[in-house]
1. What pairs can you find where one residue is in the stretch 5-20 and without any contact (Cβ under 8 Å) to a residue 40 or more places away in the chain, the other is part of a strand (DSSP E or B) and not aromatic (Phe, Trp, Tyr), and their Cβ atoms are less than 7 Å apart, with a gap of 6+ or different chains?
2. Within the group Asp51, Asp66, Asp73, which residue is of a type outside the set (Ser, Thr, Tyr), at pLDDT below 95 and touching a helix residue (DSSP H, G or I) at 6+ places or on another chain (Cβ under 6 Å)?
3. For the stretch 27-41, what are the residues that are more than 18 Å from Lys5 (Cβ to Cβ) and open to solvent by less than 50 Å² (accessible area, probe 1.4 Å)?
4. Sort out which residues of the stretch 66-106 are hydroxyl-bearing (Ser, Thr, Tyr) and open to solvent by 70 Å² or more (accessible area, probe 1.4 Å), and write them in order of number.
5. Within the stretch 1-26, which residues are closer than 19 Å to Ile98 by Cα and surrounded by fewer than 12 Cβ atoms within 10 Å (Cβ to Cβ)?
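The values are calculated or read from the model by the stated rules, or taken from the named source; none is laboratory data. Everything numeric here is computed off the predicted structure, so don't read it as measured data. Don't worry about glycine lacking a Cβ; one is built from the backbone with ideal geometry, like all the others, and counts go over all protein chains shown. We work out accessible area using only protein heavy atoms, side chains counted, and drop any ligands, DNA or RNA first. Shrake-Rupley method; radii C 1.70, N 1.55, O 1.52, S 1.80 Å.
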Amino acid sequence: MYKKKYYISVQAKSIFQQQGEAPYELEIEATEQQVVKLRNLFDKMEECDIDSMIRTPTPGIPYHHDHPNDSYDYYLRQIYQMINDLGTVETQQHVSSIMNRLDTMG
């Protein structure tokens with residue numbers, strides 16, 4: 001499979017082939033199938049984000065007992081793991097530090 005360079009913004013949940021299209025944080029080299037999988041993970045994380053926003057007005061539910069937040073965290077870890085696996089050396093170094101911080105979260 002032929003790999004191309006892509007520019008990723010986890011914050012914006014975006015994937016670009018052209019470096020100047022929008023701000024980005026990370027670079028990967030991936031096949032089209034891998035990019036589709038990463039887009040699907042971003043979509044799932046977005047769904048969890050919407051679910052947690054809908055639940056937000058409900059007071060008294062601690063973060064660690066909130067299923068939408070747990071699901072969001074799960075997909076965030078999956079996304080960073082995939083970016084780490086496909087990333088450039090610089091991306092892998094950066095993602096490694098992010099994943100270490102995610103592991104210390106609830």
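1. Matching pairs, first to second residue: Lys5/Glu27; Lys5/Glu29; Tyr6/Ile15; Tyr6/Ile28; Tyr6/Ala30; Tyr7/Glu27; Ile15/Ile8; Gln17/Lys4.
2. The unique qualifying residue is Asp51.
3. Listed by number, the list holds a single entry, Leu41.
4. Answer for the stretch 66-106, where residues must be hydroxyl-bearing (Ser, Thr, Tyr) and open to solvent by 70 Å² or more (accessible area, probe 1.4 Å): Tyr74, Thr104.
5. The answer is Gln11, Pro23.
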